[in-house]
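Asks: Starting off with a structure, shown below.
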Amino acid sequence: MNTNTILISGIVAMLFLAACTHRTPTDLTQNSFIPQPASVIATGDAFKLTSTTVVYFQPGVEGLEHTAVYLAGKLIEISGLTISTEAADKAPSKGIYLEVSDEDAGLGNEGYDLNIGKRLITIRAGSLAGCFYGSQTLLQTLPVKDAEGDEQIIATGTVRDFPEYSYRGMMLDVARHFFSVEDVKRVIDLMAAYKMNVLHLHLSDDQGWRIEIKSWPELTTIGGSTEVGGGEGGFYTQEDYKEIIDYAQERYITIVPEIDMPGHTNAALASYAELNCDGEARELYTGTDVGFSTLCAGKDITYRFVEDVVSEIVALTPGPWFHIGGDESHVTSPDDYVFFVNRVQEIVADHGKKIIGWDEIANADLLEGATVHYWDDVENTTMGVEKGAIVLMSPSAHSYLDMQYDSTTYLGLHWAGYIEVDKGYSWDPATMVDGVTKEDILGVEAPLWTETVTNMDELEYMVFPRLPGYAEIGWTAPALRNWDTYKLRLADHGKRFEDLEINFYRSPLVPWNN
Ligand code: TNX
């Protein structure tokens, strides 16, 4: 062999090795999971996904077949392989097996155990949701799309995992700008990949009323007819809303409907003159001011209206919560505000739902089971806890998806400051508000207000790459969270964002490798 041949064979060997290390990942701990699981143990071998792989599911567990079909569908999308599903009483010798069992109580309501062996992958959980999250973790061991469409290698090992908080949410304001059912479904899919489990829909505001109420039809024909900037607006029919609910439910996401009141109600006040104290309908509003509108707390018809709206929405909503808004009611007198919120809480409770309201509602007499939604005011929030409420954490300076990344961001606002990806990630709900500890906290939510966000491209730009960080804050224990390691994992998700055609912000703080 001359030196050239040696050199060339050396290069070939190195290329081969590089290709191998790329194609045969055998160290599961090197996988960039988001959210970071509670524990990952590698066993140093490889499972091969082929067109003979079957996703089996334990029979007789209602809903489990659906998760098996979902998982197989994603695996087909990823690999182009034919992967089928089948019921199996016990774990087979090879393939993928989904099982619900209460053997491992330590996993809690949503935890799972994912065991990747050389021939068999099992996902075992105490609940259907746990099996779904285990499936999402498994999917993160694979690319979202394989250009070559062939066999896939998965590193072997065990993931045992459960969430820190039971409420891991995002809010979408469909009132300032309307987003279609298809848009909302895409948001749901993106949330589900990161194990988020609540989508809060801000369904009404000054600029638009977005859900059909059959007993008050003008809320949508008039109140739904515009949006910020004067566009045509839109609304969900009750069938549309049901479609969103069902789609979310199949992905273990609960919809929390919000009707914001007594302020933020100009769209309703423009639709029905009788809801105004002076009996005169307001003009439709397409600007971005806040705090100028109020329902009339002293009129009976106001509560008939609330009763009708709540009862129609509750009838379509399987989740346990109804969000009553309650923020920035600057033109409601303090007495009227308390009187109103007290009455509305009773109406919601009579319909069997628990109330959530922005932190101002702590000024009212909170009913048992109420959630105070912290966004701005520490005193309101601690007062809420003193009154027995639990807290949902959406600190505006850390979790608002409409805040700009920095002064050059072409969309968004900055009244609560700039939120670069590191700032969005680096906070702990349990130490955010003095006197509010983990036991007082229901969970975390990242709200996207849409005064400046007009379409899906813009939505994605504000939401990504921050959303996976909020998912991790909700899921992963603080001891396992750290910006320096998170940013490397996030960097690996850049390729996933690209393959999913997400229009994401390429933060200079993240060492993207795509
Ligand atoms: C404050 S946060 C609001 C919203 C705005 C948002 C803009 C909250 C409860 N109220 O009405 O859309 O700021 O960032």
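Asks: Pairs needed: first member in region 297-321, among the acidic types (Asp, Glu); second member anywhere, outside any loop (DSSP other than H, G, I, E, B); C-beta distance under 8 Å; at least 6 residues apart or different chains.
Replies: From region 297-321, the pairs are Glu307/Ile347; Glu312/Gln238.
Asks: Then there is this: Out of all the residues in region 151-174, which are within 16 Å of the ligand (Cβ to nearest atom) and touching a helix residue (DSSP H, G or I) at 6+ places or on another chain (Cβ under 7 Å)?
Replies: Taking region 151-174 first, the residues within 16 Å of the ligand (Cβ to nearest atom) are 169-174.
Within region 151-174, Met170, Leu172 qualify.
Asks: Take Ile347 and decide whether it is of a type in the set (Val, Ile, Thr) and within 25 Å of the chain's Cα centre (by Cα). Quick ask: steps written out before the conclusion?
Replies: Details: of a type in the set (Val, Ile, Thr): yes; within 25 Å of the chain's Cα centre (by Cα): no.
So Ile347 does not fit the description; no.
Asks: Note down all Cβ pairs under 9 Å where the first residue falls in region 175-190 and is away from the ligand (no atom under 16 Å from the Cβ), the second is basic (Lys, Arg), and they're at least six residues apart or on different chains.
Replies: Final answer for the pair search is Ile188/Arg251; Asp189/Arg251.
Asks: Could I ask something else about it? Within region 407-423, can you find the residues that are within 11 Å of Arg466 (Cα to Cα) and surrounded by fewer than 18 Cβ atoms within 10 Å (Cβ to Cβ)? Walk me through how you get there before you give the answer.
Replies: Taking region 407-423 first, the residues within 11 Å of Arg466 (Cα to Cα) are 419-423.
Once the filter is applied, which keeps residues that are within 11 Å of Arg466 (Cα to Cα) and surrounded by fewer than 18 Cβ atoms within 10 Å (Cβ to Cβ), region 407-423 yields only Asp422.
Asks: So, one more: Would a scan of region 464-482 turn up a residue that is more than 17 Å from the chain's Cα centre (by Cα) and surrounded by 17 or more Cβ atoms within 10 Å (Cβ to Cβ)?
Replies: From region 464-482, those more than 17 Å from the chain's Cα centre (by Cα) are 477-482; that's our starting set.
Restricting the remaining residues to those that are surrounded by 17 or more Cβ atoms within 10 Å (Cβ to Cβ) gives 481.
Yes: one or more hits.
Asks: Every residue in region 137-193 that is assigned to a helix (DSSP H, G or I), among the β-branched types (Val, Ile, Thr) and surrounded by fewer than 20 Cβ atoms within 10 Å (Cβ to Cβ), please.
Replies: Of all residues in region 137-193, those assigned to a helix (DSSP H, G or I) come to 137-139, 181-192.
Cutting the leftovers down to among the β-branched types (Val, Ile, Thr) gives us 137, 181, 184, 187-188.
Scanning region 137-193 gives a single hit, Val181.
Asks: Here is a follow-up. What do you reckon, is Ala125 touching a helix residue (DSSP H, G or I) at 6+ places or on another chain (Cβ under 9 Å) and either surrounded by fewer than 22 Cβ atoms within 10 Å (Cβ to Cβ) or at positive phi (or both)?
Replies: Numbers: touching a helix residue (DSSP H, G or I) at 6+ places or on another chain (Cβ under 9 Å): yes; either surrounded by fewer than 22 Cβ atoms within 10 Å (Cβ to Cβ) or at positive phi (or both): no.
For Ala125, the condition - touching a helix residue (DSSP H, G or I) at 6+ places or on another chain (Cβ under 9 Å) and either surrounded by fewer than 22 Cβ atoms within 10 Å (Cβ to Cβ) or at positive phi (or both) - is not met.
Asks: Pick out the one residue from Ile34, Ile116, Ile76, Ile41 that is farther than 23 Å from Ile473 by Cβ, β-branched (Val, Ile, Thr) and surrounded by 19 or more Cβ atoms within 10 Å (Cβ to Cβ). Before the answer, list the steps.
Replies: Working: Ile34 fails: farther than 23 Å from Ile473 by Cβ; Ile76 fails: surrounded by 19 or more Cβ atoms within 10 Å (Cβ to Cβ); Ile41 fails: surrounded by 19 or more Cβ atoms within 10 Å (Cβ to Cβ).
Ile116 is the lone residue from the list that is farther than 23 Å from Ile473 by Cβ, β-branched (Val, Ile, Thr) and surrounded by 19 or more Cβ atoms within 10 Å (Cβ to Cβ).
Asks: Quick check on Gly424: is it away from the ligand (no atom under 16 Å from the Cβ), modelled with pLDDT of 95 or more and either in a helix (DSSP H, G or I) or within 17 Å of Tyr194 (Cα to Cα) (or both)? Let's see the steps before the verdict.
Replies: Values: away from the ligand (no atom under 16 Å from the Cβ): no; modelled with pLDDT of 95 or more: yes; either in a helix (DSSP H, G or I) or within 17 Å of Tyr194 (Cα to Cα) (or both): yes.
No; evaluated as a whole, the condition is false for this residue.
Asks: In the set Thr254, Thr294, Thr288, which member is at pLDDT 95 or above and over 29 Å from Ala471 (Cβ atoms)?
Replies: Working: Thr254 fails: over 29 Å from Ala471 (Cβ atoms); Thr288 fails: over 29 Å from Ala471 (Cβ atoms).
Going through Thr254, Thr294, Thr288 in turn, just one is at pLDDT 95 or above and over 29 Å from Ala471 (Cβ atoms): Thr294.
The values are calculated or read from the model by the stated rules, or taken from the named source; none is laboratory data. If you're wondering where the values come from, they're calculated on a predicted model, not measured in any experiment. A quick note on method: Cβ atoms are made from the backbone with ideal geometry, for glycine too, and the neighbour counts reach across all protein chains shown.
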